[in-house]
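Student: Below: one structure in structure tokens.
Taken together, the values in this text are just the output of simple stated rules run on the coordinates, not laboratory data. Nothing here was measured: the structure is a model prediction, and the numbers come from that model. We place every Cβ from the backbone using ideal geometry, glycine too, and count neighbours over all the protein chains shown.
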Amino acid sequence: MEKLERYIYAVTRKLPEKQRDDIEKELRGLIEDMLADHAVNGEPKVDDLDAVLTELGDPVELADQFRSKKLYLIGPDNFDLYFFVVKIVVAAVAFGISLALTISYVIDPPQSLLEVIGSYFSSIINAAFQGFAWVTVVFAIFEYFDVSLGKEFKDNKWTPDDLPQLPKKELIIKPAEAIVGIVFAVIAIVLFNTADHLLGIYIVTENEPSRIIPLFNHEVFRMMLPLLNIMLLIGIVKEVTKLLIGKWTNTLALMNLGFNIITLVLFIVFINSQGLLNIDFITYFYTIGLVPETIDPSALSGSLIKGFTVFAVIAILIDSIVNLVKSVKFNMTK
Amino acid sequence: MEKEEIINGLILELRRGAVTLGVLSRLSEPHYGYSLVQILEESGFPIEPGTLYPLLRRLEKQGLLVSSWDTNENRPRKYYRLSELGRSVYNRLCDEWRSLSERVSVLINK
């Protein structure tokens, strides 16, 4: 009777916990009934059990029937979107790494070019697999919790009036626009996480080797790095939302506004962190005579930070307003 | 071979709704799964246990059937019967079936 247990296990193991016991009991009863039927006289034999199990068929198919849906890692509802996102992520990662490595090669040429090419391919393959794996994991989680992406929620009955307008060209979001945004965010993440010392003023003089005065104090920057990463991830989420919605709707404009506010707050916290700006960077302004000695360095650093902040506020304001205007225009065409 | 496959697929589609109707028709009285298999087979309407058991669960989940475990016999058995909702749904389905089969008969006999 070991096969009986194995069969029941094979059917029930992938079923939801809640139903498992009940189905197991019922299935056991069924098989025993069928066995009793087969062995009209006396004890059922092994052959009888085989015959009964063959009649019941493949346990995987039976389990599918009980579940009334097939198991997918990523189901047909989400697959198109999944494939699309994988392509973008892999391309962005490859591009970002190429750029980062090219820059670091130009700045600081290592001994052997062969080594660079080798490490280039291994990092690209490595990172592409990571990107692929993470996207897959996220989509698999969506699948597990039965989240269907890309299908718009509908509350009311469809009427022909609900048909989407043929949008004017400028009101459709061009995927390229969003993809460029994602690529830049990925590049920025790579840059900030691996090479913050490259951000700064490049001093090229004829006699000495060129050098960089980093903009940020490395230790403080590393400490505040998670903030920057969150900001950039929000940026990516923002662009992906644009791709998903595809049109300048009100919802999109509001979400955009929300993302922008969060980003701005994070940026202000980031830029105001104590000692973020590199001292050498501040003093450089004095050495080239751009700032008179009479101004206190801490005051200078304060006004630089103010400058950055104002710049960020204006940029985000423009982005939010442009988005809102586009959504108003989009609604007028309805 | 391919033709047979097409035919089998279409027959399966045709039978799908009828199977539900056949099952509901026997459940004014409580029955457990395997007794239903036998009853339906005797009535010339065989249905595989692998189809019937999941179907019974689906119908129960939809509220058309109610079930109870009988543990008095030598093996515990889960008995299903029509609920109030199931009865009225069944009556509606019967009307629908009759008019459908009438209309299809008219169509295919011409």
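Student: How far is it, in nm, from the label point at A:Gln274 to the one at A:Ile245 when both lie 7 Å from their Cα along the line to the Cβ?
Tutor: Roughly 4.0 nm, to one decimal.
Student: Please check: in the Gaussian network model of chain A (C-alpha springs, under 10 Å), which one of A:Lys87, A:Lys247, A:Lys14 has the largest mean-square fluctuation.
Tutor: So, out of A:Lys87, A:Lys247, A:Lys14, the one fluctuating most is A:Lys14.
Student: Can you list the residues of region B:10-31 with backbone N under 19 Å from a point 7 Å past the Cα of B:Cys94, pointing along Cα to Cβ?
Tutor: Residues passing the 19 Å test: B:17-31.
Student: Same structure again: Radius of gyration and Dmax for the protein assembly as shown's Cα atoms, expressed in Å?
Tutor: For the protein assembly as shown, the Cα radius of gyration and maximum Cα-Cα distance read 34.2, 111 Å.
Student: How high is the relative contact order of region A:168-283, given as a whole-number percent (alpha carbon pairs under 8 Å, six or more residues apart)?
Tutor: On the way: 111 pairs, mean separation 42.0, N = 116.
Reported relative contact order: 36 percent.
Student: Can you give me the long-range amide H partners of A:Lys247? Hydrogens built in the peptide plane at 1.01 Å from N, cutoff under 5 Å, separation of 5 or more residues or another chain.
Tutor: Amide H neighbours of A:Lys247, under 5 Å, 5+ apart: A:Ile173.
Student: Separate question: Picking from A:Asp296, A:Asp33, A:Asp80, which is most flexible by a Gaussian network model of chain A using Cα springs under 10 Å?
Tutor: A:Asp33
Student: What's the FRET efficiency of A:Asn193 with A:Val220 using the Cβ-Cβ distance as r and R₀ = 22 Å, to the nearest 0.05? Show your work: numbers first, answer last.
Tutor: Working: r = 15 Å, r/R0 = 0.69.
Plugging the Cβ-Cβ distance into 1/(1 + (r/R0)^6) gives 0.90.
Student: Exceeding 28 Å between C-alpha atoms, which entries from my cross-link table qualify? They are A:Lys157/B:Lys110; A:Lys174/A:Lys329; A:Lys242/B:Lys61; A:Lys174/A:Lys306; A:Lys14/A:Lys238; A:Lys45/B:Lys78.
Tutor: Values: A:Lys157/B:Lys110 38 Å; A:Lys174/A:Lys329 16 Å; A:Lys242/B:Lys61 39 Å; A:Lys174/A:Lys306 34 Å; A:Lys14/A:Lys238 37 Å; A:Lys45/B:Lys78 26 Å.
A:Lys157/B:Lys110; A:Lys242/B:Lys61; A:Lys174/A:Lys306; A:Lys14/A:Lys238, as the Cα separations exceed 28 Å there.
Student: Let me ask something else. Measure of size requested: the Rg and Dmax of chain B, with Cα atoms as the atom set and Å as the unit; please supply both.
Tutor: 16.1, 56
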